[in-house]
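*Asks:* Below is the structure I would like to discuss, written out as structure tokens.
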2 protein chains.
Amino acid sequence: MSALSTAVPDPYAADCPTRSVLDRIGDRWTVLVLLLLSRRSHRFTEVSRAIAGISPKVLTQTLRALERDGLVTREVFAEVPPRVEYALTDLGHTLVEAVAALAAWSREHFDEVLDARAAYDAR
Amino acid sequence: MSALSTAVPDPYAADCPTRSVLDRIGDRWTVLVLLLLSRRSHRFTEVSRAIAGISPKVLTQTLRALERDGLVTREVFAEVPPRVEYALTDLGHTLVEAVAALAAWSREHFDEVLDARAAYDAR
DNA sequence: CAGAATCCTCTGGGATACTG
DNA sequence: CAGTATCCCAGAGGATTCTG
């Protein structure tokens, strides 16, 4: 697989890029939020409603982590009632594109995975 | 982001392809194993040694899950001592390529993420 | 509205010992 | 060698309540 120029990364190295990215998008909600924000900016409650089932605590955690990594911006408007807009940064958009490659693989090969599972479980 | 033709997937749908793939590669070891096997087939102990820190139990779990999904083959040789070879399937290779896109993003933008974190933490 | 605070559950994963 | 069998723990994430 010549596409991979790197050796096997060290999962213990906190500075391992691959590890870091996987930790970020590997959780339950981050990718959903990224995909949602790739359309347009949303406010907190909008995200909450669009991604049914996420609790406010976890949504805050997710958004904060994305903001900290420079993938999402958080803009507070001094209005009544308060309004906070979340939007993807340019960097965030590039990540979404990379994630899209994975999503594309999923759509393309998902049936094969399902078949494999069925065959495996049938034994 | 026109690269994404799908709306936001439903994280609760067990049959959501994106969810399924993320669950698979989101764990601690799967990507490491995939990258390792993308080179050549390995036997159990070889993987164990190459990926330092993984316990036999977790390695077995990881390999079983990959086998079940049709990403890895498990070939037992009736020898003494026993020998078991694990190798990527064609499907597994295609997934590794998709993962490589993510790894590429990581290498390309990791410094920006680190800068963003430093800036965020400095506030 | 946009969270912060609190409590609780669940499970991925680690350590260790044992076996065909 | 290639696992299986147990026991254990931390931390991600869920449910709920409260507030500037």
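*Asks:* Tell me which of B:Val58, B:Val80, B:Leu95 sits at the most positive position along the dipole axis of chain B, charges placed on C-beta atoms (Lys, Arg +1; Asp, Glu -1).
*Replies:* Sorting the options by dipole projection puts first B:Val80.
*Asks:* Which of B:Asp111, B:Asp23, B:Asp69 moves the most in a Gaussian network model of chain B with Cα springs under 10 Å?
*Replies:* So, out of B:Asp111, B:Asp23, B:Asp69, the one fluctuating most is B:Asp111.
*Asks:* Among bridges DSSP assigns within the protein assembly as shown, what percent are antiparallel (round to 5)?
*Replies:* Within the protein assembly as shown, antiparallel bridges account for around 100 percent of the total.
*Asks:* Say the dipole of the stretch B:1-115 comes from +1 at the beta carbon of Lys and Arg and -1 at that of Asp and Glu; which of B:Ser20, B:Ala104, B:Thr30 then lies farthest toward its positive end?
*Replies:* Value: B:Thr30.
*Asks:* Same structure again: Distance in whole Å from the A-onto-B rotation axis to the closest C-beta of chain A, together with the residue it belongs to, please.
*Replies:* Nearest Cβ to that rotation axis, in whole Å: A:Gly26, 2.
*Asks:* Hey, another quick one. Could you give, in nm with one decimal, how far B:Asp15 is from each other copy of that position, shortest first, with labels 7 Å out from Cα toward Cβ?
*Replies:* 4.7
*Asks:* Any idea of B:Val76's accessible area? Nearest 10 Å², probe 1.4 Å.
*Replies:* 90
*Asks:* Pairs of alpha-carbon atoms within less than 8 angstrom and 6+ residues apart define the contacts here; what relative contact order does chain B have, in percent?
*Replies:* 20
*Asks:* Work through the residues other than A:Ala116 whose Cβ is under 9 Å from its Cβ and net out their charges, Lys, Arg +1 and Asp, Glu -1.
*Replies:* Neighbourhood net charge equals -2.
*Asks:* Picking from B:Ala87, B:Ala104, B:Ala65, which is most flexible by a Gaussian network model of chain B using Cα springs under 10 Å?
*Replies:* Answer for the Gaussian network model of chain B: B:Ala104.
*Asks:* How much accessible area does A:Glu112 have with a 1.4 Å probe, in Å² rounded to the nearest 10?
*Replies:* 80
*Asks:* Inter-copy label distances at A:Tyr120, 7 Å along the Cα→beta-carbon direction, one decimal in nm, shortest first?
*Replies:* The projected label point of A:Tyr120 is separated from its counterparts by 3.4 nm.
*Asks:* Defining the label point at 7 Å along Cα→Cβ, can you sort the distances from A:Thr60 to the same site in each other copy, shortest first, in nm?
*Replies:* 4.3
*Asks:* Once Rh for the stretch B:18-122 is found with the Kirkwood sum over Cα pairs, what is the Stokes-Einstein diffusion coefficient at 37 °C and 0.692 mPa s, in µm²/s?
*Replies:* So the translational diffusion coefficient is about 216 µm²/s.
*Asks:* Also, I was wondering about something else. Go through the stretch B:1-99 and name the chymotrypsin sites (Phe, Trp or Tyr not before Pro) that are in a DSSP coil and have 10 or fewer other Cβ atoms within 10 Å of their Cβ.
*Replies:* Taking the stretch B:1-99 and a limit of 10 other Cβ atoms within 10 Å, the loop chymotrypsin sites (Phe, Trp or Tyr not before Pro) found are B:Tyr12.
*Asks:* Over the residues of the protein assembly as shown, compute the C-alpha Rg and express it relative to 2.2 N^0.38 Å.
*Replies:* Compared with the compact-globule rule of thumb, the protein assembly as shown sits at 1.10.
*Asks:* With charges set only on the Cβ (+1 for Lys and Arg, -1 for Asp and Glu), what does the dipole of the protein assembly as shown come to about its Cα centre, in debye to the nearest 20?
*Replies:* Dipole of the protein assembly as shown, to the nearest 20 debye: 600 debye.
*Asks:* 222 nm [θ] for the protein assembly as shown, helices only, -39500 (n - 2.57) per DSSP H run of 4+, per residue, to 500?
*Replies:* About -18500 deg cm²/dmol.
The values are calculated or read from the model by the stated rules, or taken from the named source; none is laboratory data. If you're wondering where the values come from, they're calculated on a predicted model, not measured in any experiment. Glycine gets a Cβ as well: all are built from the backbone with ideal geometry, and neighbour counts include every protein chain shown. The protein model used for the area step is the full one, side chains on, heavy atoms only, and it has no ligands, DNA or RNA in it. Shrake-Rupley method; radii C 1.70, N 1.55, O 1.52, S 1.80 Å.
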